[in-house]
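Peer 1: This is the structure, below, for whatever I ask next.
The values are calculated or read from the model by the stated rules, or taken from the named source; none is laboratory data. Bear in mind the structure is a predicted one, so any value in this text is a computation, not a measurement. Here the Cβ is made from the backbone with ideal geometry for all residues, glycine too, and neighbour counts use every protein chain on show.
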Amino acid sequence: MIRRYVFGNPIETEAVLRKPKAEQWEGDEQVLAFGANQTGFTCKLEQEDIVYGLGENVRGINKRGWIYVSHCSDNPNHQEDTRSLYGAHNFLIVSGKRNLGIFVDTPEQVIFDVGYTRPELLSVSMDSGNYELYLIEEASAEAVVQEFRRLIGQSYLPPKWAFGYGQSRWSYRTSEEVRQVARRFRENHLPLDMIYLDIDYMERYKDFTIDRERFPDFELLVEELKEQKIHLVPIIDGGVKVEAGYDVYEEGVKNGYFCKDEDGENFTLGVWPGKCHYPDMLNDEARLWFGRKYRFLLDKGIDGFWNDMNEPAIFYSEKHLKKVFEQLEEYRGQNLDICSFFEFCGLVQGISNNEEDYRSFYHNYRGERIRHDRVHNLFGYYMTRSASEAFEELEPGRRILLFSRASYIGMHRYGGIWMGDNKSWWSHLKMNLQMLPSLNMCGFLYTGADLGGFGSDATRDLVLRWTALGIFMPLLRNHSADGTRRQEPYAFGEATEDFRGLIGLRYRLLPYLYSEFMKAALKNGMYARPLGFVWPEDPVARHTEDQLLIGESIMIAPVCEQNAIGRSVYLPEEMKLLRFRGTELTEERVLMRGLHFIETALDEVTIYLRKDHALPLAAGGETVEAVDWRKLALLRFGEAAAYELYDDDGMDSGVKLEGHLFPVQS
Ligand code: MIG
């Protein structure tokens, strides 16, 4: 059952398209208790309650015991005490004797104190009392998710090839270097469907330009790679460089499409290209204009994009920078002691993503001038929507790959997200595993982490273990930062057989993973589920934080620690262990319910097949296109006679589930 309440005068987010009629809040103390000033509410947590959800955040699948702040942030430090990452996903489920879903719909900052201040209390608060509140009560956590997802609309569908392996690195600086990546993959028979282009392809980091010195033959490159079935996926940044003669800048200025400061001047801030303006993504006209700019690359044969820096990130604002320079002057010649030294350092450190700057510019949203901080969490969402709506116009009916860094619920209809700038840390491998189901609950199905970690130096074993998890994530991409140790599968020496095996297994699993993804998207279901969703009565399953169900048939238990020879795996019921050494199935063994230590070498993947379920396996391939969907082996355990396979051409955006499912007999 869904109930909707409106408090104050909330700003529309378009997260929910068809809203149920608002009810009068009668202060049901059993469910929620409201604070006196209506700027939030509290909800009592029972001892046994798990709190699921909150999408992109640090910590576990169970969010209890920490405080999270929905405030889209360009924050590359994903630490245990981090409160905000790139997304604002204000949906959670209190799951115990009852299952209550709570969605707080407001573009402003929201604080979720999930038993941090008082262990038995969930407390949600906002600056103002303007928000819509949705309460969803169902018999299970999974049913709550389904109701919520129905409310917010169908998740984005990427093209089928976007389920292949993608190689990325910030620093592929020339056409030649990109060709080299493709060559190394093909030479080593490492499967590959995508190479990502980071900011290096642009001319002075200007959106919708190409650096012709370093990529003189961009069109030819796209063509050549296409022949090898490799899609080139360029990055698009949120900020437009201030540069006379640059068409995007000039058009934006002429038509008033940029965000304005207090005085009505175009708001100037610094990001990659230096001084920039942010297009007013919330303004219908500006959004339409910016989206149509993607045509520049579509016309060159590009069919996938990733949107970055759209929290939006601010390295500095022009005004703030000036002030800091003045203040720094005051420290010159001073005897810096402990206080003044740290003040001095703080001045410079505090420049980026400064809250004052976010309060100093304006949008024109639905005919109203609105200060940025009141709609902050919508910027990335509307940037991605801008591209998606333009694709609908420019390439109707065609699926284009699109994912973003910043997001708000509602954006899940227009694109996926990646999990941002993680680090090459073992703890992040586990954290990204935990993020996956939480994101699914909020509608974000097409998602994945930078395999091997973005920041810091990776080790070979870390990249292997991370790949062994990554092959189960819809978005499978190895990405790393400029200046870090290289982490392509061939970067650690001659031998690539283990990588080839792990990635190859993904291509054997494709018909299954794609089917499960599409069923989840089209039926508002979960692709990756916590064990507690399926075995809510089993306390051990409920509190298992490092195993997941992927689709209906299988459970995974990735190794998340360095130097481990395997790990303990909890089976809530009898399952069949499937051991793969690379692409080869080397062992099938039925395991009883309970705890098992399962040895797993670096080149192995273990999959746990559920009783009375089946898993189709293809022969594999080096590209998604090469995978034969018709020649499948069916691995079974118990009475499962068939598996409902989903297939389509992978390109059409208007797909429906009916008529595409067909049972696979063994
Ligand atoms: O401030 O474009 O998250 O994936 O490689 C860094 C360079 C800007 C942040 C993205 C990352 C990307 C990087 N970008």
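Peer 1: Looking at (1) under 27 Å from R529 (Cβ atoms); (2) buried (at least 18 other Cβ atoms within 10 Å of the Cβ); (3) among the acidic types (D, E); (4) touching a helix residue (DSSP H, G or I) at 6+ places or on another chain (Cβ under 9 Å), which is the one condition that is false for E108?
Peer 2: Of (1) under 27 Å from R529 (Cβ atoms); (2) buried (at least 18 other Cβ atoms within 10 Å of the Cβ); (3) among the acidic types (D, E); (4) touching a helix residue (DSSP H, G or I) at 6+ places or on another chain (Cβ under 9 Å), only one is false for E108: (1).
Peer 1: Condition first: assigned to a loop (DSSP other than H, G, I, E, B), over 19 Å from D421 (Cα atoms) and among the acidic types (D, E). Now tell me which residues in segment 458-509 satisfy that.
Peer 2: E494
Peer 1: I would also like to ask the following. Which condition from (1) under 26 Å from F533 (Cα atoms); (2) charged (D, E, K, R); (3) surrounded by fewer than 23 Cβ atoms within 10 Å (Cβ to Cβ) is the one that R149 breaks?
Peer 2: Condition (3) is where R149 drops out.
Peer 1: Among the residues of segment 611-656, how many are out of contact with any helix residue (DSSP H, G or I) (no Cβ under 7 Å at 6 or more places or on another chain) and assigned to a strand (DSSP E or B)?
Peer 2: Number satisfying all stated conditions: 11.
Peer 1: May I pose another question? For M435, indicate whether it is within 16 Å of the ligand (Cβ to nearest atom), outside any loop (DSSP other than H, G, I, E, B), buried (at least 24 other Cβ atoms within 10 Å of the Cβ) and over 11 Å from the mean Cα position of the chain (by Cα).
Peer 2: Here the answer is no, as M435 does not meet what is asked.
Peer 1: Let me ask another. Would you check which residues across segment 246-257 are more than 14 Å from P273 (Cβ to Cβ) and outside any helix (DSSP H, G or I) and list them?
Peer 2: Hits for segment 246-257 are G256, Y257.
Peer 1: Here's something else I'd like to know. I'm checking my understanding of the structure. Among residues of segment 445-496 that are at positive phi and surrounded by fewer than 22 Cβ atoms within 10 Å (Cβ to Cβ), which one is farthest from the ligand (Cβ to nearest atom)?
Peer 2: G493
Peer 1: In segment 298-322, what residues are away from the ligand (no atom under 16 Å from the Cβ) and under 20 Å from I235 (Cα atoms)?
Peer 2: Taking segment 298-322 and keeping what is away from the ligand (no atom under 16 Å from the Cβ), we get 298-303, 317-322.
Once the filter is applied, which keeps residues that are away from the ligand (no atom under 16 Å from the Cβ) and under 20 Å from I235 (Cα atoms), segment 298-322 yields L298, D299, K300, G301, I302, D303.
Peer 1: How many residues, within segment 235-248, are over 14 Å from L269 (Cα atoms) and either away from the ligand (no atom under 14 Å from the Cβ) or charged (D, E, K, R) (or both)? Walk me through it before giving the result.
Peer 2: At the first step, the residues of segment 235-248 found to be over 14 Å from L269 (Cα atoms) are 235-236, 244-248.
From the residues that got through so far, the ones that are either away from the ligand (no atom under 14 Å from the Cβ) or charged (D, E, K, R) (or both) too are 244-248.
Qualifying residue count, segment 235-248: 5.
Peer 1: Ok, one more. Specify the residue that is farthest from L85 (Cα to Cα); the eligible residues are those in segment 267-296 that are within 16 Å of the ligand (Cβ to nearest atom) and outside any strand (DSSP E or B).
Peer 2: Top of the filtered list is P273.
Peer 1: Here's something else I'd like to know. Can you tell me which condition G397 does not meet? The list is (1) on the phi > 0 side of the Ramachandran plot; (2) surrounded by 21 or more Cβ atoms within 10 Å (Cβ to Cβ); (3) not hydroxyl-bearing (S, T, Y), and all the others hold.
Peer 2: Among (1) on the phi > 0 side of the Ramachandran plot; (2) surrounded by 21 or more Cβ atoms within 10 Å (Cβ to Cβ); (3) not hydroxyl-bearing (S, T, Y), G397 violates only (2).
Peer 1: Going through segment 96-113 one residue at a time, which ones are aliphatic (A, V, I, L, M) and touching a residue at least 40 places away in the same chain (Cβ under 8 Å)?
Peer 2: Within segment 96-113, L100, I102, V110, I111 qualify.
Peer 1: Still on this structure, I have one more. Looking at segment 160-176, is at least one residue under 17 Å from N90 (Cβ atoms), in contact with a Leu (Cβ under 8 Å, 6 or more places away or on another chain) and assigned to a helix (DSSP H, G or I)?
Peer 2: no
Peer 1: Okay, next question. If I go through segment 212-234 residue by residue, how many of them are away from the ligand (no atom under 16 Å from the Cβ), outside any loop (DSSP other than H, G, I, E, B) and closer than 22 Å to N478 by Cβ?
Peer 2: Of the residues in segment 212-234, 6 are away from the ligand (no atom under 16 Å from the Cβ), outside any loop (DSSP other than H, G, I, E, B) and closer than 22 Å to N478 by Cβ.
Peer 1: Can you find a residue in segment 77-88 that is in contact with a strand residue (DSSP E or B) (Cβ under 6 Å, 6 or more places away or on another chain), part of a loop (DSSP other than H, G, I, E, B) and within 16 Å of the ligand (Cβ to nearest atom)? Walk me through it before giving the result.
Peer 2: Initial filter on segment 77-88 (in contact with a strand residue (DSSP E or B) (Cβ under 6 Å, 6 or more places away or on another chain)): 83-84, 87-88.
Of the ones still in play, those that are also part of a loop (DSSP other than H, G, I, E, B) are 83-84.
Filter once more, so that each one left must be within 16 Å of the ligand (Cβ to nearest atom): 84.
Scanning segment 77-88, I find at least one residue that is in contact with a strand residue (DSSP E or B) (Cβ under 6 Å, 6 or more places away or on another chain), part of a loop (DSSP other than H, G, I, E, B) and within 16 Å of the ligand (Cβ to nearest atom), so the answer is yes.
Peer 1: Can you tell me which residue among Y316, Y382, Y365, Y358 is closer than 30 Å to I195 by Cβ and of a type in the set (F, W, Y)?
Peer 2: Y382
Peer 1: Could you tell me whether segment 639-651 includes any residue that is among the small types (G, A, S), out of contact with any strand residue (DSSP E or B) (no Cβ under 7 Å at 6 or more places or on another chain) and surrounded by fewer than 19 Cβ atoms within 10 Å (Cβ to Cβ)?
Peer 2: Our first condition is that a residue be among the small types (G, A, S); within segment 639-651, this holds for 640-642, 650.
Narrowing further to those that are out of contact with any strand residue (DSSP E or B) (no Cβ under 7 Å at 6 or more places or on another chain): 641, 650.
The next check asks that each one be surrounded by fewer than 19 Cβ atoms within 10 Å (Cβ to Cβ); those that pass are 641.
Scanning segment 639-651 turns up at least one residue that is among the small types (G, A, S), out of contact with any strand residue (DSSP E or B) (no Cβ under 7 Å at 6 or more places or on another chain) and surrounded by fewer than 19 Cβ atoms within 10 Å (Cβ to Cβ).
Peer 1: Which of the residues that make up segment 128-155 are small (G, A, S), within 24 Å of I111 (Cα to Cα) and touching a strand residue (DSSP E or B) at 6+ places or on another chain (Cβ under 8 Å)?
Peer 2: Within segment 128-155, G129, A141 meet the criteria.
Peer 1: Collect the residues in segment 167-207 that are away from the ligand (no atom under 15 Å from the Cβ), over 18 Å from V463 (Cα atoms) and either hydroxyl-bearing (S, T, Y) or under 23 Å from the mean Cα position of the chain (by Cα) (or both), keeping them in residue-number order.
Peer 2: Listed by number, the residues that qualify are T174, S175, D193.
Peer 1: Related question: Name the single residue that is nearest to the chain's Cα centre (by Cα) among those in segment 91-105 being of a type outside the set (A, V, I, L, M) and closer than 17 Å to A141 by Cβ.
Peer 2: As a first pass, look at segment 91-105 and keep what is of a type outside the set (A, V, I, L, M): 91, 95-99, 101, 103, 105.
Restricting the remaining residues to those that are closer than 17 Å to A141 by Cβ gives 91, 95-99, 101, 103.
On the way: F91: 15, S95: 24, G96: 27, K97: 31, R98: 29, N99: 25, G101: 21, F103: 19 Å.
Going through the qualifying residues, I end up with F91.
Peer 1: Since G493 meets every condition but one in (1) modelled with pLDDT of 95 or more; (2) under 24 Å from G621 (Cα atoms), which condition does it not meet?
Peer 2: Result: G493 fails condition (1) only.
Peer 1: For a quick check of your reading of the model, give me the residue pairs whose first member lies in segment 632-659 and is in contact (Cβ under 8 Å) with a residue 12 or more places away in the chain and within 30 Å of E392 (Cα to Cα), whose second is of a type in the set (G, A, S) and buried (at least 17 other Cβ atoms within 10 Å of the Cβ), with beta-carbon atoms closer than 6 Å and at least 6 apart or on different chains.
Peer 2: Filtered contacts from segment 632-659: L645/S515; Y646/S515.
Peer 1: Ok, one more. Of all residues in segment 137-159, how many are of a type outside the set (S, T, N, Q) and part of a helix (DSSP H, G or I)?
Peer 2: Looking only at that region, the number is 11.
Peer 1: Quick one: in segment 411-430, of everything that is within 16 Å of the ligand (Cβ to nearest atom) and not in a loop (DSSP other than H, G, I, E, B), which residue is farthest from D237 (Cα to Cα)?
Peer 2: By that ranking, first place goes to H428.
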